[in-house]
Amino acid sequence: MQASDQPLGAFRPIVNIKRCPPNRSTLAAAVRIYSATVITGTHFLLYSQDAEADRVFFRDVLGLRHIDVGGGWLIFEMPPAEAGIHPLEGEFSLDHSGHRLLGGELYLMCDDLKSQIAALRKKNVECSEAVEADWGMKTTIPMPSGGEIGLYQPRHATAFNLKSKPLKSKSSSKKTRSSKQRSPKKRSPKKQKR
C-alpha cells in the first residue's frame, strides 16, 4: 500500500525506521506532527423542522449509506467533500453550545444534473428549476421538512483528488547539497566468514 492509497487519517510514518531507529525525541516529534496535521473527516449538521422525515429521505430517496448510533439517530456516509469559503452578506451564523459557528449550505454534487433531476422525479421529488452559471448548473431538492438542499454540476475544477496530486514547492523541487549528503549510503555486502 502506497502512502497515497492510505485512507485519510491513516498513520504515515515520518521517520525511516531502517535509517533512524526511533528514540523518545523522534517518536514524540512524530506524534506531535501527526496530531497537529491530520484531519480525519468532516461532520456537518443539518437543522431540520422534521429531522426524522429528512433522515428517511436521505436514507430511502437519496440512498445514502448510514449507521444508526441509537434511537433511530442516523449518521450518513457522504460522498467526497470540499469546502468553499464565501463572503458573508448579512447575519448567517448559528449559536451552538455558546459558540457562534459559521453558517453554511449543503450542495450535493453530480456529473450530470439533468439526469439526476430526472432520477429524483421518478421518486416523486420535484426539484426547483435548474439555473445556469459560469461555475456550473444548480437546483434545489425539497426536503420533507420543508427545507431544501442544493444540488449542482460543477464546471470548475474540484478538490476531490488532491491527496493523489502532491503539492510541489520551489524548495523541494531543487536538490540541494545538504539533501544529497543526507541520502542513505549504499553499503557493500559483508564478506562471509569461511
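For a label point 7 angstrom out from the Cα of Ser145 toward its Cβ, which stretches of region 59-93 have the backbone nitrogen within less than 19 Å? From region 59-93, the list is 59-79, 92-93. For His66, the amide hydrogen comes within under 5 Å of the amide hydrogens of Glu77, counting only partners 5 or more places away or on other chains and with H modelled in the peptide plane. Among Leu74, Leu45, the order by Cβ neighbours within 10 angstrom, fewest to most, reads Leu45, Leu74.
Here Lys114, Lys138 are placed in order of increasing Cβ neighbour count within 10 Å, fewest first, which gives Lys114, Lys138. Exposure proxy for Tyr47, Tyr152, Tyr107: other Cβ atoms within 10 Å of each Cβ, ordered fewest to most, give Tyr47, Tyr107, Tyr152.
Taking Lys123 as the anchor, which aspartates and glutamates have their alpha carbon closer than 18 Å to its alpha carbon, excluding any fewer than eight residues away along the same chain? Partners found: Asp54, Asp60, Asp112, Glu148.
The phi-based Karplus calculation (6.51 cos²θ - 1.76 cosθ + 1.60; θ = phi - 60°) puts the 3J(HN,Hα) values of region 49-62 at 6, 9, 4, 4, 5, 6, 5, 4, 4, 4, 6, 8, 8, 7 Hz, whole numbers, x for Gly and Pro. Couplings 3J(HN,Hα) for region 131-145, derived from phi with the Karplus relation 6.51 cos²θ - 1.76 cosθ + 1.60 (θ = phi - 60°), are 10, 8, 8, 4, 7, x, 10, 9, 8, 10, 10, x, 9, x, 6 Hz, where x marks Gly and Pro.
Taking label points 7 Å from Cα along the Cα-to-Cβ direction, Val56 and Asp68 give a separation of 1.4 nm.
One chain, two ends: Asn161 and Leu94. Fully extended at 0.36 nm per residue, the span grows by 21.1 nm beyond their Cα-Cα distance. Amide H contacts for Cys110 (H built 1.01 Å from N in the peptide plane; partners 5 or more residues away or on another chain; cut-off under 5 Å): Tyr152, Gln153.
Values in this text are rule-based calculations from the coordinates and carry no lab data. Note that the structure is a prediction, hence the values are computed from the model and not measured. Glycine also receives a Cβ, built like all others from the backbone with ideal geometry; neighbour counts cover every protein chain displayed.
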